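The values are calculated or read from the model by the stated rules, or taken from the named source; none is laboratory data. A quick note: this is a predicted structure, and the numbers were derived from the prediction, not measured. Glycine also receives a Cβ, built like all others from the backbone with ideal geometry; neighbour counts cover every protein chain displayed. Areas reflect the complete protein model, heavy atoms only, side chains present, ligands, DNA and RNA absent. Shrake-Rupley method; radii C 1.70, N 1.55, O 1.52, S 1.80 Å.
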Amino acid sequence: MKKKWKIVLFCFIGASVLLVVLGALYVNNVGYNNVKHMYRLESTGKSVIRIDSDMPSRERYLTKKDGDPQELLKSRMEREGWVYSQQEGSGYFFKKDGRQEIVTTQQWNHFYIIYSLNAGIANLED
């Protein structure tokens, strides 16, 4: 009986260590800050959240790929008074008061989309 108990205990410890290692590899691959952003998006119930940007002149927003992220972008920009003009590749062109703004989209981590636009143009967050 003791031998079976040791085998079960060894398997449990081995599986636990494996799960911790796999979790650490995932976080290392995706990046800790990115995992925080994904968690915040999932836990808040919002459809779009603002995330950190490497450039202070740009703002970035994260959304899930569920549904239609392009239509979500268009509706959020229209809410801010911008009129959709056209799309070229990953760039979406909007016009407002004689100005033009380009919002770029980037698929990230298979399940998410990042919107990038000039700072102060629009607030896409819920």
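Things to note:
- From the options S53, S47, S75, S43, residue that is modelled with pLDDT of 90 or more and either aromatic (F, W, Y) or surrounded by 14 or more Cβ atoms within 10 Å (Cβ to Cβ) (or both): S47
- Residue list for the stretch 100-126, restricted to those being at pLDDT below 95 and of a type in the set (D, E, K, R): E125, D126
- Within the stretch 26-40, the set of residues being at pLDDT 80 or above and either among the basic types (K, R) or open to solvent by 90 Å² or more (accessible area, probe 1.4 Å) (or both) comprises K36, Y39, R40.
- Hits in the stretch 83-125 (condition: in contact (Cβ under 8 Å) with a residue 40 or more places away in the chain, among the polar types (S, T, N, Q) and open to solvent by less than 50 Å² (accessible area, probe 1.4 Å)): N109, S116
- Within the stretch 56-69, being surrounded by 14 or more Cβ atoms within 10 Å (Cβ to Cβ), within 19 Å of E101 (Cα to Cα) and not hydroxyl-bearing (S, T, Y) holds for E59, R60, L62, P69.
- Single unsatisfied condition, G23 versus (1) at pLDDT 85 or above; (2) more than 20 Å from Y115 (Cα to Cα): (1)
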